[in-house]
Each structure stands twice: as structure tokens, then as C-alpha cells.
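Engineer: Here it is, the structure, as C-alpha cells.
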Amino acid sequence: MLITVLDKPTFTVGDINLDKIDSLGNVSYYGILGREEVVSACYNSPVVICNKTLFDKEMIEKLPNLKYIGLTATGYNNVDLNFAKERGITVTNVPGYSTVDVAQHTFAFILHHANKINVYDDTVKNGDWLKSKTFCYFNYPLFELSGKTLGVFGYGDIGKQVAKIGDAFGMKVIVHTRTTPKNCPYTLVDKETLFKESDYLTLHSPLNEQTKNLINSETLSLMKKSAVLINTSRGPVIDELALKTALDNGVISHAYLDVLCVEPMSKDCPLINAKNITITPHIAWAPKESRQRLIDIVASNIQAFLDGKEQNVVNK
């Protein structure tokens with residue numbers, strides 16, 4: 001079985017064991033390719049694995065031998081699912097592999113804001129403690145999480161994990177979600193209340209027509225001036241120009257983002273020079289353990305397809 005794996009640098013820098021995929025057939029690995037290069041690499045392969053490579057109708061039509069597209073991701077907006085289904089092509093994804101990691105990154109952001117470890121570490125290394133007349137100093141404000149309100153927008157697996165961690169810190173957890181969850185131990189609120197009451201507002205919703213530009217000048221104006229916004233979901237849920245304006249004018253205190261509207265970050269991104277913002281390069285999902293789990297599930301998805309017992313199919 002010919003298996004073509006695209007976008008290899010998006011899931012490994014040589015630190016992930018790929019044996020489970022290699023055992024399934026004659027496997028070829030590629031980096032980031034242009035469209036014509038993708039056609040050449042995949043032309044004879046019935047099984048293609050990818051992350052962000054675009055498999056639109058035009059691309060799929062150029063690959064007559066294609067029978068299976070396996071995504072090394074949860075999202076699948078880079079594949080024309082309907083046309084793939086018309087052509088009898090199975091498309092699978094990997095759900096849930098990074099839940100604990102994205103929740104962990106969310107709280108890394110929250111603790112970064114509350115405890116400022118890096119700021120105080122810098123002051124010590126700059127000699128400020130050597131010069132101090134007292135045993136400690138607290139020039140930069142520290143915040144206790146206990147008693148603060150954690151607003152969770154979206155209550156899927158990641159939202160639930162974040163809420164659970166917030167509860168363990170003694171935070172007051174409030175949740176807004178499209179559908180009423182069963183047995184939710186936290187207070188369910190409407191969207192306006194979530195924005196108004198949250199000290200930390202964290203976004204964990206999919207990107208769709210209802211959530212695109214969810215964060216805009218109107219919703220930002222509802223928030224406390226001391227509030228912190230966190231986004232580890234999808235970049236376009238935020239109107240980046242509106243957020244820059246809000247940050248520069250002190251409408252909210254700080255924003256922590258792991259995702260942007262355009263990735264990699266573009267030179268004209270409004271947030272490059274925004275005040276009071278911390279940005280990481282879409283790495284919340286990327287601890288080694290998470291990436292190994294991802295690849296192991298990808299291999300399991302391929303094996304299930306070959307055995308005629310398809311799993312994690314997104315275009316049934």
C-alpha cells in the first residue's frame with residue numbers, strides 16, 4: 001500500500017516515533033509542498049496523510065487514485081468533504097488528542113498573568129534583588145486566582161477540562177455554550193453575562209458563522225477593564241483590529257493568544273505592535289506526548305480503513 005505523508009514538519013522535528021505508520025505500507029514523507037508538488041507526490045497514492053494542505057475539488061480531481069485522506073489534526077476545513085464523499089474518498093480526523101494540553105496552555109497563560117514569573121526572574125537576573133533593601137519586592141502586581149471569575153465560552157472536551165482546573169484553583173466558573181449540557185456543575189449564563197462578569201475569559205468554541213468575530217468592539221466593551229482574554233481555539237473568532245484598539249486604549253487589561261486569523265503571522269497583522277498582549281505560535285496542542293498520541297491515532301485510523309472498519313470519519 002502506497003502511503004504519502006505531507007506536512008511532516010507540522011507534527012515532528014524528529015522527536016516522534018513514526019513506526020506505527022511505517023508498518024502499514026510503503027510510506028513517503030514530505031515537507032510543505034506547492035500545489036503542483038502535491039499532485040506529483042500523491043498521484044499514485046491511494047492513502048494521503050496531511051495537516052494543512054488544501055484538498056479542494058480542483059486538487060482532488062487531479063488525484064484519480066486517491067481513496068483516503070487522513071488528517072493529522074482535529075480540524076478538517078482544508079478538505080472539501082462533500083466532493084470527497086462524491087468521489088468515494090474517506091476523510092478522517094483525530095479528535096480529542098490534545099484536550100489536556102490545550103487546557104494546560106490556557107492555564108499557563110492565566111498563571112503567567114497572575115504570577116509574572118518571567119518578569120520577576122528578569123528583575124533578579126538584572127540585579128534588582130541584589131540591590132533590594134528589603135527581603136522581597138513586588139513592583140509588578142500579583143493576582144490570586146481563588147475567587148476570581150473564570151468565564152468559559154464553549155463547553156466541549158477542552159472547555160470542560162479548563163473549567164475543572166479553574167474550579168480546583170477555587171475560581172468561580174461560569175459557562176456559556178450553545179447547547180445546554182447535562183449535569184454541568186457550573187453556572188450557565190448568557191453571552192452578555194459571560195463577557196460582563198469574567199475576570200478571565202477563555203474561548204473554546206469551533207469556528208463557524210456564529211463564532212466568527214465573536215470578539216469585536218461591542219463584546220469587548222462589555223468586559224471589565226481588568227479582564228484578561230484568552231484564545232486557544234481559532235484565530236478568526238477575534239476581530240484582530242478591534243482587539244488591538246481595545247488593548248491600546250485600556251478597554252481590557254491583557255490578551256493571550258495561541259492562534260491568529262492568518263498563520264504563520266503576517267507582517268500586516270494588527271496585533272504585532274498591540275499593547276498588553278502575549279502571543280504563542282499555535283503550540284497549545286504541541287507537547288511531545290500529544291504529538292505522539294496524534295500520530296498513533298493517525299496510524300490506527302489508517303489501519304481501520306484498510307481493515308474496512310473505518311473510524312473517526314468526518315464525511316460519512
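Engineer: For the condition farther than 25 Å from T90 by Cα and open to solvent by 50 Å² or more (accessible area, probe 1.4 Å), what is the one hit in L271, L241?
Structural biologist: Going through L271, L241 in turn, the sole match is L241.
Engineer: Taking the range 107-136, which residues are within 28 Å of the chain's Cα centre (by Cα), among the β-branched types (V, I, T) and farther than 12 Å from Y256 by Cα?
Structural biologist: Passing the criteria: I117, V119.
Engineer: To continue, here is another question. Can you pull out the helices (runs of 4 or more DSSP H) entirely within the range 70-158 that have at least 1 residues that are in contact with a Ser or Thr (Cβ under 6 Å, 6 or more places away or on another chain) and either within 27 Å of R291 (Cα to Cα) or not β-branched (V, I, T) (or both)?
Structural biologist: Per the criteria, 99-115.
Engineer: Considering only residues that are closer than 22 Å to S98 by Cβ and in contact (Cβ under 8 Å) with a residue 40 or more places away in the chain, look in the range 174-206 and name the one that is most open to solvent (accessible area, probe 1.4 Å).
Structural biologist: P206
Engineer: Ok, one more. Of everything in the range 218-238, what is surrounded by fewer than 20 Cβ atoms within 10 Å (Cβ to Cβ) and closer than 16 Å to H254 by Cβ? Give them in sequence order.
Structural biologist: Hits for the range 218-238 are K224, K225, S226.
Engineer: Still on this model: Limited to the range 254-268, what total is found for residues that are in contact (Cβ under 8 Å) with a residue 24 or more places away in the chain and surrounded by fewer than 17 Cβ atoms within 10 Å (Cβ to Cβ)?
Structural biologist: Residues in the range 254-268 being in contact (Cβ under 8 Å) with a residue 24 or more places away in the chain and surrounded by fewer than 17 Cβ atoms within 10 Å (Cβ to Cβ): 2 in total.
Engineer: State all residues of the range 30-52 that are open to solvent by less than 60 Å² (accessible area, probe 1.4 Å) and among the hydroxyl-bearing types (S, T, Y); if no residue qualifies, say none.
Structural biologist: Matches in the range 30-52: S45 only.
Engineer: Still on this structure, I have one more. Quick check on E144: is it acidic (D, E), over 21 Å from L220 (Cβ atoms) and open to solvent by 90 Å² or more (accessible area, probe 1.4 Å)?
Structural biologist: Taking the combined requirement at face value, the residue satisfies it.
Engineer: Could I ask something else about it? Is it the case that F109 is open to solvent by less than 30 Å² (accessible area, probe 1.4 Å) and either among the aromatic types (F, W, Y) or modelled with pLDDT under 95 (or both)?
Structural biologist: yes
Engineer: Being part of a strand (DSSP E or B) and within 20 Å of S205 (Cα to Cα), is that true of even one residue in the range 232-242?
Structural biologist: Yes, there is a match, as at least one residue in the range 232-242 is part of a strand (DSSP E or B) and within 20 Å of S205 (Cα to Cα).
Engineer: Shifting gears a bit: Identify all residues within the range 4-57 that are closer than 20 Å to V94 by Cβ and assigned to a strand (DSSP E or B); write none if there are none.
Structural biologist: The answer is T4, V5, V27, Y29, V47, V48, I49, C50, F55.
Engineer: Just to be sure, is T99 under 29 Å from the mean Cα position of the chain (by Cα) and at pLDDT 95 or above?
Structural biologist: Considered against the rule, which asks whether it is under 29 Å from the mean Cα position of the chain (by Cα) and at pLDDT 95 or above, T99 comes out as yes.
Engineer: I would also like to ask the following. Quickly run through the range 207-217 and pick out the residues that are in contact with a helix residue (DSSP H, G or I) (Cβ under 6 Å, 6 or more places away or on another chain), within 30 Å of G96 (Cα to Cα) and open to solvent by 30 Å² or more (accessible area, probe 1.4 Å).
Structural biologist: L207, K212, N216
Engineer: Scan the range 290-316 and report the pairs whose first residue is open to solvent by 60 Å² or more (accessible area, probe 1.4 Å) and whose second residue is at pLDDT 95 or above and β-branched (V, I, T), with Cβ atoms within less than 8 Å and a gap of 6+ or a chain change.
Structural biologist: E310/T90; E310/T92; Q311/T92
Engineer: State which residue is farthest from A108 (Cα to Cα) when the search covers only the range 244-253 and only residues that are assigned to a helix (DSSP H, G or I) and open to solvent by 20 Å² or more (accessible area, probe 1.4 Å).
Structural biologist: Going through the qualifying residues, I end up with T245.
Engineer: Just to be sure, is I3 open to solvent by less than 30 Å² (accessible area, probe 1.4 Å) and either among the basic types (K, R) or in contact (Cβ under 8 Å) with a residue 60 or more places away in the chain (or both)?
Structural biologist: So I3 passes the test.
Engineer: Pairs only if they're at least six apart or on different chains, beta carbon under 7 angstrom, first in the range 141-159 and more than 15 Å from L201 (Cβ to Cβ) and aliphatic (A, V, I, L, M), second crowded, with 19+ Cβ neighbours inside 10 Å and modelled with pLDDT under 95; list them, first residue then second.
Structural biologist: Note: no pairs meet the criteria.
Engineer: Still on this structure, I have one more. Applying the selection to the range 159-191, what residues are out of contact with any helix residue (DSSP H, G or I) (no Cβ under 9 Å at 6 or more places or on another chain), part of a helix (DSSP H, G or I) and of a type in the set (D, E, K, R)?
Structural biologist: Once the filter is applied, which keeps residues that are out of contact with any helix residue (DSSP H, G or I) (no Cβ under 9 Å at 6 or more places or on another chain), part of a helix (DSSP H, G or I) and of a type in the set (D, E, K, R), the range 159-191 yields only D167.
Engineer: So, in the range 274-289, how many residues would count as being open to solvent by less than 30 Å² (accessible area, probe 1.4 Å) and over 16 Å from N231 (Cα atoms)?
Structural biologist: Of the residues in that region, 0 qualify.
Engineer: Now for a different question. Restricting attention to the range 92-106, and to residues there that are open to solvent by less than 10 Å² (accessible area, probe 1.4 Å) and not hydrophobic (A, V, I, L, M, F, W, C), which single residue is nearest to I302 (Cα to Cα)?
Structural biologist: Filtering first and then ranking leaves T92.
The values are calculated or read from the model by the stated rules, or taken from the named source; none is laboratory data. Quick caveat, the model's predicted, so the values are computed rather than measured. Virtual Cβ from ideal backbone geometry, glycine too; neighbours counted across all protein chains shown. Accessible surface is based on the protein model in full, side chains and every heavy atom, while ligands, DNA and RNA are left aside. Shrake-Rupley method; radii C 1.70, N 1.55, O 1.52, S 1.80 Å.
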